[in-house]
Every structure is written in structure tokens, then in C-alpha cells.
Amino acid sequence: MCGIIGIVGHQDVAAQLYDGLLVLQHRGQDAAGIATADRHRLLLHKGNGLVSDVFDDAAMRRMVGHVGIGHCRYPTAGSEGDDEAQPFYVNSPYGIALAHNGNLINADALREELFQQDRRNVNTESDSEVLLNVFAHEMAGLEPLSAETAFRAVSGVYRRCVGGYAVVATVLGLGLVAFRDPNGIRPLVLGKRSGASGDEYAVASESVAFDLTGFKRVRDVQPGEAIVITNDGTLHARQCVTPGTHTPCIFEYVYFARPDSMIDDISVHKARMRMGQKLGEKILRLRPDHDIDTVIPIPDSSRDAALEVANVLGIKYREGFIKNRYVGRTFIMPGQEMRAKSVRRKLNPIPLEFRNRVVLLVDDSIVRGTTSRQIVQMAREAGARKVYLASAAPPVRHPNIYGIDMPSREELIAHQRDESEIEKLLGCDWLVYQDLTDLEEAVSGPKQRLEHFDSSCFNGEYVTGAAEEYFERVRRLRSDEAKADRRAL
Ligand SMILES: O=P(O)(O)OC[C@H]1O[C@H](OP(=O)(O)OP(=O)(O)O)[C@H](O)[C@@H]1O
Ligand SMILES: NC(=O)CC[C@H](N)C(=O)O
Ligand SMILES: [Mg+2]
């Protein structure tokens, strides 16, 4: 799940893009990049690493221009190489830089089509470079360069690109173009700031990016909608395709997004608290006479839910695991060996919170089981009498194909296993998962703001459709085994 941001201001925007990327860092730790547009040039700096590693003072000083875009990457297609860091750039037409959050599921066919039919070469394995070339091809030949022509080009992208995508692009001589896939699977939000020189606009994956940069959240970009902010700061918006069913990715609320973000007008923090409430109620239904002494969250992402589980059960909430703040998120690391090592480096128990107690550990989700397996073991070694485990999301049984790197069913601990088998594998005394209807209701909230979700990793229903060969191909290219083989080359 990458993070994207775009700003059109009245002064140089690179420093603000940098600040925005810093707070979107949780969405992608592998690579980062910024492109700014001067009057006659696009300036681009990108590379592998955290935002703070990729940019130093010298790099930042070069990045002039009052329009720009930024990206932090969590690879879901192609390689982890720095040539696939984003934004990507094409010089024709006009000079366009583009950054993308999501995944195209027809990238191979498009790549072929671009070469054979549009005479364009995509020089990496990245689906985002494919998307850029489709957009560039659709822009080529449209005159004059204006918001109108950009909207027509985005309509062309919608006709051709299938999958989950939220996109920011800067077009030299025009300004900023941003759009969201027809099902609104990936998030994109619009912000505004009024200054002495007039209004300034920003778009970002999550509203939290605005907090640090002084923008106010205006609204979410709608599924199938494009926004163009021209160099003079004028905002244009257009529905460029008949929207499909709006199915935002439910995993954003479960894990990816920061709790201090609003996505599709829903507070992630509140959604997680409601997940905890529902989960607590389910535990009470299943075990009215439970013997739990303490509820312990698995930091970071489960905290909101765990606190509410404790409230519903009416028992103590204790921080039993201390997180090393210098270790990043383990789930979005590229290889299983690195993920497994990082759990122990990242989390350490406080034994007195475990000794002789019956503990209920709460996590937001169990995907490969890397975290929970080790955490249960740590809780036992720290002296817990019994270790129960609760997941605020249902079992993850299906691959994600819209921008989360869960390519292979075989890597998922819940694949072809029932809950008692998973319980044994994780080594806990009792395992309880949230039900999908409860999760969806928790996110939707009392105002029922959303009716449908992309819950494909839980129920195997893919809103864009996907052929079995696609899953096979993704598994072949992106399983942990395939990635390890590539790294060994
Ligand atoms: O079953 P797994 O494959 O281990 O994946 C699930 C775990 O990974 C994530 O944590 P992560 O460490 O990435 O980030 P966090 O600090 O935000 O919780 C998530 O919150 C779960 O703890
Ligand atoms: N997680 C994402 O949004 C990834 C974007 C793109 N598919 C890449 O791999 O770079
Ligand atoms: Mg976690």
C-alpha cells in the first residue's frame, strides 16, 4: 500500500511534500520519491529507503517548483529495485511524472498493447510505469493542453486500466492531475488551504498528510472522478467514467491507514474502536464465563480495538509488549525471513503483566501468522498461565490483488484451515476471529456511510473480476519464494 501526495501551491512545495510523505511513511517503507514542476522542467529525486534516507538537504534544495507529487512505496508488482521507485517520468507528451497507489491486474496485456499498438516501451516491470504510459498515450495528440484534455485522457485510462488505483500526476505546463479507480478501492482525499496569495490544493492517500502541511480536508475524491488543479491554482473536477459499486478496501481500516486519518468520511480510529466493541461482544457471547485477567494489545495497529475489547469485557487493559520505535512495520517488509526476525526485534514483553495471568492478546489481523505465532510464544515464556488470541478481522484466506502484497494463498495461515487448526499452529489456548459482517458494520458505523467494501481477502469476491491464471501468475512472480530467488540472483 503506497502513500501518494500532490500539492499545487504558490511557493515551492517540495518541503511540504516531504512532510506529507513522512506522515504517510507507514504505507510504504521501501522507496520514496518526489517530482516537482518548474516552469520548464520536471525535477525528480527518488530511491530505495525511508523518506528521511532518500532526501538530504542537497536533494531538497534542487526541488524547485510550486507543483509537485510524492510517493512512498510498498512494492506489489515488479521488483524492489530502485529503478521501480516512484514517481515515474515520461518526456512525451509535455513531460509527465506520475505516482500510483494500487495494482493493475491487466498490466501484462496493457504492456503488450502499449508496445504493439501505441509504440511505447515500458522499461521496468512496474505496473505504475504501465499506467503512466497509458495516461501519456491518451494525452498525446489532444489539443490544447487544458483540464478538459486531461479529463479526456483520464477517461481513456478508465477504459483501459483494470484494478485498484489512486493516482497523482504532474503535467508540465498544466498542473496536477489526480484520479481514483471506478470502484474507489484505493483512497484519495482532497484538501485546501487559503493563503495570502489565494487558495492552494492538495490530494493525498490519507487526510493525516494534511494535518502537518496545514491543509483542511475538503472531501474524498469519488470513484471514477478526476481532479485537475491548474498551475494558476484553479480546481476542476469531473466524473470521467460511470462509477462502479463503491468498494473501498476494508483492510485500510483494519491495518493500513493511520488511526488519525479520515477515509471516505469515516474515522479510522472510530472504525477500529467499533471493531473492538463487536469483537468484545462476540467473546462474551461465546464465553460468558471467561477467565481472562488482562487484555493486551499487539502494538501498534491493534491498540484502538484492544482497548474497546477490554471495555466491553470489563477487565484490565495493559500494555504488555513494548515496541522498539526504530523498527518499522513487519507486515510490509518484502521477505518472510526479514519479517520473522523483525517481530522479535520489534516487540518485547513486560513479564509482570503476564506472570500467572490468563491473557487475551488482541491483534488487528492475522495474515501469515508471523506476528501471532511469536507473540503467543513470548507471552508463555513471560509466564502467562493461558494465552488467548483475538483478531479484530476475520481469517485472511484469499490473495489481495489491489495493492496489498498478499499474492499467494499458500502463505496465508488461514488458507484451507479451520479455526481449530490455526489455533494449534499459533500455539494459543483459544483463538477467536471477528465475523465479516461485524467488521463491515464496524467500519460503516451507525451512520452506515458505506454499504459495500472490497473485502476480497476475507471472502474471495473481487469486484473487478479476476481470472484464475492471474492468481497463478501473481503467485509465481510474487510469492516469498519467488522474491527470495530473485534476490539470490
Ligand atoms: O500475521 P502477520 O503476517 O504477522 O500480519 C499481521 C500483523 O502485521 C501487522 O503488524 P505490523 O508489524 O506490520 O505493523 P503495526 O506496528 O502497525 O501493527 C498487523 O498489525 C499484525 O500485527
Ligand atoms: N502498494 C502499492 O500501492 C504499490 C504500487 C505499485 N503497484 C508498485 O508496486 O510500485
Ligand atoms: Mg501489528
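Our coupling estimate for the range 473-479, obtained by passing each phi through the Karplus curve with A = 6.51, B = -1.76, C = 1.60 and θ = phi - 60°, is 5, 4, 4, 4, 8, 10, 5 Hz, Gly and Pro reported as x. Computed from the C-beta positions of GLU143 and ARG487 and an R0 of 60 Å, the FRET efficiency is 0.80 to the nearest 0.05.
Note down the accessible area of GLU125, probe 1.4 Å, to the nearest 10 Å². Using a 1.4 Å probe on the heavy atoms, I get roughly 110 Å².
Computed from point charges on the beta carbon alone (+1 for Lys and Arg, -1 for Asp and Glu), the dipole magnitude for the range 3-244 about its Cα centre is near 600 Debye.
Computed extension gain for GLU461 through LYS192, at 0.36 nm per residue and net of the alpha carbon distance, reaches 93.3 nm. Here's the picture: a label point sits 7 Å out from the Cα of THR437 along the beta-carbon direction, and within the range 263-287 the residues with their amide nitrogen under 15 Å of it are 278-279, 282. Note on the range 244-371: Rg/Rh from C-alpha atoms, Kirkwood Rh, equals 0.99. Distance between the 7 Å Cα→Cβ label points at ALA340 and LEU352: 3.4 nm.
One compactness figure for the chain is 0.98, namely its Cα radius of gyration divided by 2.2 N^0.38 Å.
Under the simplified labelling scheme, the ASP265-ASP38 pair shows an inter-label distance of 4.3 nm, with each label point 7 Å from Cα along Cα→Cβ. Residue-wise HN-Hα couplings along the range 289-294, as the Karplus relation 6.51 cos²θ - 1.76 cosθ + 1.60 with θ = phi - 60° gives them from phi, are 9, 4, 10, 5, 8, 9 Hz; Gly and Pro carry x. Each listed q (0.10, 0.18 Å⁻¹) maps to a log10 I(q)/I(0) for the range 3-244, found by the Debye formula over equal Cα scatterers with no solvent: -0.39, -1.43. Pairs from the table (LYS386/LYS424; LYS424/LYS483; LYS192/LYS270; LYS316/LYS346) lying more than 21 angstrom apart at Cα are LYS424/LYS483; LYS192/LYS270; LYS316/LYS346. Each peptide in 454-467, 390-403 gets a packing score, the mean of other Cβ atoms within 10 Å over its residues, and the list from highest to lowest is 390-403, 454-467. Using a cutoff of 8 angstrom between alpha carbon atoms and counting only pairs six or more residues apart, the relative contact order for the range 3-244 works out to 21 percent.
Rounded to 0.05, the FRET efficiency of the THR234 and ARG61 pair, given R0 = 35 Å and the Cβ-Cβ distance, is 0.75. Rounded to the nearest 20 debye, the dipole magnitude of the chain is 1020 debye, with +1 charges on Lys and Arg beta carbons, -1 on Asp and Glu beta carbons, and the Cα centre as origin.
Beyond 17 Å, the tail of the calculated P(r) for the range 399-441 holds 50 percent of the Cα pairs. Distance between the C-alpha centres of the range 339-400 and the range 411-432: 13 Å, rounded to the whole angstrom.
Ordering 27-33, 100-106 by mean Cβ neighbour count within 10 Å, with the highest value first, yields 100-106, 27-33. Potential lengthening of the chain between ARG385 and LYS316 amounts to 23.2 nm, from the contour at 0.36 nm per residue minus the alpha-carbon distance.
Only DSSP H runs of four or more residues enter the estimate; each adds -39500 (n - 2.57), and after division by the residues of the chain the mean residue ellipticity at 222 nm equals -9000 deg cm²/dmol. Here the scattering of the range 183-236 is modelled by Debye summation over its C-alpha atoms, one equal scatterer each and no solvent; at q = 0.29 Å⁻¹ the log10 of I(q)/I(0) is -1.20. Bridge orientation summary for the range 249-386: considering DSSP beta bridges with both residues in this region, about 40 percent are antiparallel.
Think of the range 108-152 as having a plus end and a minus end, set by charges on the Cβ of Lys, Arg, Asp and Glu; of LEU110, THR149, ASN133, THR149 sits farthest toward the positive end of this dipole.
The values are calculated or read from the model by the stated rules, or taken from the named source; none is laboratory data. Everything numeric here is computed off the predicted structure, so don't read it as measured data. Every residue, glycine among them, receives a Cβ derived from its backbone with ideal geometry; neighbour counts consider all protein chains shown. When the accessible area is computed, the model is the full protein with side chains, heavy atoms only, and any ligands, DNA or RNA have been set aside. Shrake-Rupley method; radii C 1.70, N 1.55, O 1.52, S 1.80 Å.
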